[in-house]
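One structure is given below, encoded as structure tokens.
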Amino acid sequence: MQLLRQIWRFLIAVQLMPALEGGEETLVGGQAVLEGVMMRSPHAWAIAVRKASGEIVSHSEPLERLSEKHKWMGYPVVRGVITLGHAMTLGFRALKFSANAALDDAAPLPVSGKKLEFSGWLAAVNILFSVGFFIFMYKFVPLVAATELKRVWPVFGNQVLFNLVDGVIRIALFLLFIWGVAQWKDIRRVYQYHGAEHKTVFAFESGDPLIIAAAQKYPTFHPRCGTSFLMTVMLISIVVYTLVPVATFWARFGIRIALLPVIAGVSYEIIRFAARHRGSLFAAMTAPGLWLQRITTQPPADDQVECAIAALDQAMALESQRGGELVIA
């Protein structure tokens, strides 16, 4: 029963992963996981998870900064796609670590006597299901709904109106999902760890000591959050799809899949610019994502902030060993 619960938690967390992850190659960032936080710097990452016993277990590793190995990976737009892919891979590993840490306190299986474990194949099945769910829920369903509306009311055949309706439906489904899973206690705790991650990053960026009291004085909303990124992706996609002159259902569906990397790369650049120029027009574009963080981040307890600080301390210790430098925006 506990394994089934962890599978369900993991599945929901994978769906939320883009909204819970933030940061970029030259800055400190992190991600909320199950009962813990993962933090990363340009050349290191670390995760700290609190087990049911109260003990904090952690793990850290060095990171390869891809843009240092391949110059083209640091080009605008391209770097956004590379960074997102790298962050998602790392985030998945962190989620798996946190899920297994939760299972570590469970009783052994009655027949084999072995500990419950979130195996690689089980995690892979969850990933495949999550990708399929994302494409179905946020690409296929809105397109079907907009196409049906166009059939009933031909006025929606207009390219601009069609893609606007499609985009509004997509955003509504996303908001409904984010709000719906927040009603589950386990996911509300993930949102609290998300808030702990943001507070700790703010404290670090402000040069404050990494202690609980210093971190707790900061807000839970951060401009580089994955929630802001996803909202920007959804808004930018409305514009991009409108500019592509295709009319058939399957052509539109194919374009929505094919242009995902381009939209993600452009959105990354907007978020990156907005984080550095908070009075700009681009910063105003990211405002809906900051509003949405009222759901995806919640005020954390001190012990949750302690986890975030433990993860960042370990990441920074490994970063300094590797001689890395951080650019604080």
**Item:** Cα-projected label distance for LEU128 with TRP291, points at 7 Å along beta-carbon direction, nm
**Value:** 4.0 nm
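What ranking do LYS51, LYS139, LYS185 get, fewest neighbouring Cβ atoms within 10 angstrom at the top?
Taking fewest neighbouring Cβ atoms as first place, the list is LYS185, LYS51, LYS139.
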**Complete:** Calc'd 3J(HN,Hα), region 201-212, phi into Karplus 6.51 cos²θ - 1.76 cosθ + 1.60 (θ = phi - 60°), Hz, glycine/Pro = x, comes to 5, 4, 4, 5, 5, 8, x, 6, x, 7, 10, 4
**Request:** Arrange GLU55, GLU269 by Cβ neighbour counts within 10 Å, fewest through most, would you?
**Result:** GLU55, GLU269
**Computed FRET value (nearest 0.05) for PHE249 with ARG65, which takes r as the C-beta separation and R₀ as 51 Å** = 0.75
**Item:** Sparse-neighbour loop sites [chymotrypsin sites (Phe, Trp or Tyr not before Pro); region 166-212; at most 16 other C-beta within 10 Å; DSSP]
**Value:** TRP184
**Request:** Kindly put LYS199, LYS69 in sequence by how many other C-beta atoms sit within 10 Å of each C-beta, fewest to most.
**Result:** LYS69, LYS199
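Here, each number is a calculation from the coordinates, and none is a lab measurement. Every value quoted in this text rests on a predicted model; they were computed, and no experiment measured them. Heads up, the Cβs are rebuilt from the backbone with ideal geometry, glycines too, and the neighbour counts pull from every protein chain shown.
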